[in-house]
Amino acid sequence: MDGMRRDGHTGMRTDGPTGPDTDGQPTGLLAATCASLATQGFSLMPSADVSQCLRTDPEGWRRFGAHWDELTPDTYAAETGTQRMRRYGHFTLSGSGELTRRAHIAFVQPEDTNPLYVDRDRHFEPLTESFAADPVLSALLRMLGRVAASLADAREWSVKVHPFRVVASADRAGQPTPEGRHRDGVTLVTSLLIARGNAAGGESTVYGADGSELMSTTLSEPGTLLLGDDRATLHGVSAIHPVDVTRPAHRDVLVTTLTAR
């Protein structure tokens, strides 16, 4: 990936089976991702590998990316000067892969994980029905469930889905993580790049528990997936700025977290 610095393996192919498992996802690619999480605390899956695991194609990605045009303003981020659009969805994923959408309620982060919103319920618009039912989303969540199972033995997973669009202009940078370096208080945290438009910056960095930098990369190819063991690492993303200052910039990502229950 452009601008990536890393130590060790980051989820690329390794020796081992690459044929499909019972759900059609290539076992070798997911095994490599799980191995990287176990040894490094993070993994980076290239777009081609993610597409293969999700069994999707350019038309599927185009349809999925269109949901970002239906996001709504994040009024909480606006309090800090950040222009951000988002929605929110909550699912339960069983160990056998059964996915259930949960009732829409306020989003509350675990205590001491986000200094900007301590003890504060945040209310966001739910995923649209078409977003929640999109086959790319369901395939992604089931794939992430398989990866999360390598980190913890759980009866089921609490899955939280956060589509974001961060916007920047010539006089206002876009802040993907206005809270700075942080944990989310979950088991597995992931960031899937959907699109970038006229944007420079947006470097994703993963840190060890002691604050040391483990890797840094600018997610530039749509479909690239960064995964982290949230129990062992912290993460943050630098600001974005417009390349052409006469036009706004945006960065679209899907942040998904899984917590063992």
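The values are calculated or read from the model by the stated rules, or taken from the named source; none is laboratory data. Bear in mind the structure is a predicted one, so any value in this text is a computation, not a measurement. As a convention, Cβ positions derive from the backbone with ideal geometry for all residues, glycine included, and neighbour counts pool all protein chains shown. Just so you know, the surface numbers come from the protein's heavy atoms only, side chains and all, with ligands and any DNA or RNA stripped out. Shrake-Rupley method; radii C 1.70, N 1.55, O 1.52, S 1.80 Å.
Using 7 Å Cα-to-Cβ label points, what is the residue 179/residue 246 separation (nm, one decimal)?
3.9
Quick one: net charge of residue 176's neighbours, Cβ under 13 Å, K/R +1, D/E -1?
It works out to a net charge of +2.
Please compute the per residue accessible area over region 33-79 with all protein chains in place, 1.4 Å probe, rounded to a whole number of Å².
44
Enumerate the calculated ³J(HN,Hα) couplings along region 227-242 in order (Karplus 6.51 cos²θ - 1.76 cosθ + 1.60, θ = phi - 60°), each rounded to whole Hz, writing x wherever the residue is Gly or Pro.
Coupling constants for region 227-242: 10, x, 7, 5, 6, 10, 9, 10, 8, x, 10, 6, 5, 9, 9, x Hz.
Under a 1.4 angstrom probe, counting protein chains only, how are 204, 169 ranked by accessible area, largest first?
169, 204
Tell me the per residue accessible area of region 137-214 using a 1.4 Å probe; a whole number in Å² is fine.
Result: 35 Å² of accessible area for each residue.
In nm, give the distance between the simple-model label positions of residue 121 and residue 75, each being 7 Å from the Cα along the Cα-to-Cβ direction.
Label-label distance for residue 121 and residue 75, simple model: 1.5 nm.
Give me the base-10 log of I(q)/I(0) for region 54-98 at each q in 0.15, 0.21 Å⁻¹, Debye formula, one uniform scatterer per Cα, rounded to two decimals.
So the normalised log intensities work out to -0.65, -0.86.
Could you calculate, for region 186-261, the ratio of the Cα radius of gyration to the Kirkwood radius, expressed as Rg to Rh?
Taking Rh as the inverse mean 1/r over Cα pairs, Rg/Rh reads 1.03.
What is the diffusion coefficient of region 124-228 in µm²/s, taking the Kirkwood radius over Cα pairs and the Stokes-Einstein relation at 20 °C with a viscosity of 1.002 mPa s?
Value of D from the Cα-based Kirkwood radius: 134 µm²/s.
Applying the Karplus parametrisation 6.51 cos²θ - 1.76 cosθ + 1.60 with θ = phi - 60° to the phi angles of region 194-205, what ³J(HN,Hα) value in whole Hz is obtained for each residue in order, glycine and proline being reported as x?
Using θ = phi - 60°, the values come out as 9, 6, 10, x, 6, 10, 10, x, x, 7, 8, 10 Hz.
First select every other residue whose beta carbon is under 13 angstrom from the beta carbon of residue 254; then total the charges, Lys and Arg +1, Asp and Glu -1.
So the environment of residue 254 carries a net charge of +3.
Just to be sure I understand the model, the point goes 7 Å from the Cα along the line to the Cβ. What's the resulting residue 66 to residue 130 distance in nm?
Inter-label distance under the simple model: 0.5 nm.
Cβ under 12 Å from residue 233's Cβ, residue 233 left aside: what net charge do those residues give with Lys, Arg +1 and Asp, Glu -1?
-2
Would you work out what percent of the accessible area of the chain, with all protein chains in place, is carbon or sulfur (probe 1.4 Å)?
Heavy-atom surface of the chain belonging to carbon and sulfur, 1.4 Å probe: 50 percent.
For the chain, what is the mean residue ellipticity at 222 nm derived from helices alone (per DSSP H run of n ≥ 4: -39500 (n - 2.57); sum divided by total residues; nearest 500 deg cm²/dmol)?
Result for the chain, helices only: -5500 deg cm²/dmol.
Let me cross-check residue 34: its accessible surface, 1.4 Å probe, with only protein heavy atoms counted, in Å² to the nearest 10?
The accessible area comes out at roughly 30 Å².
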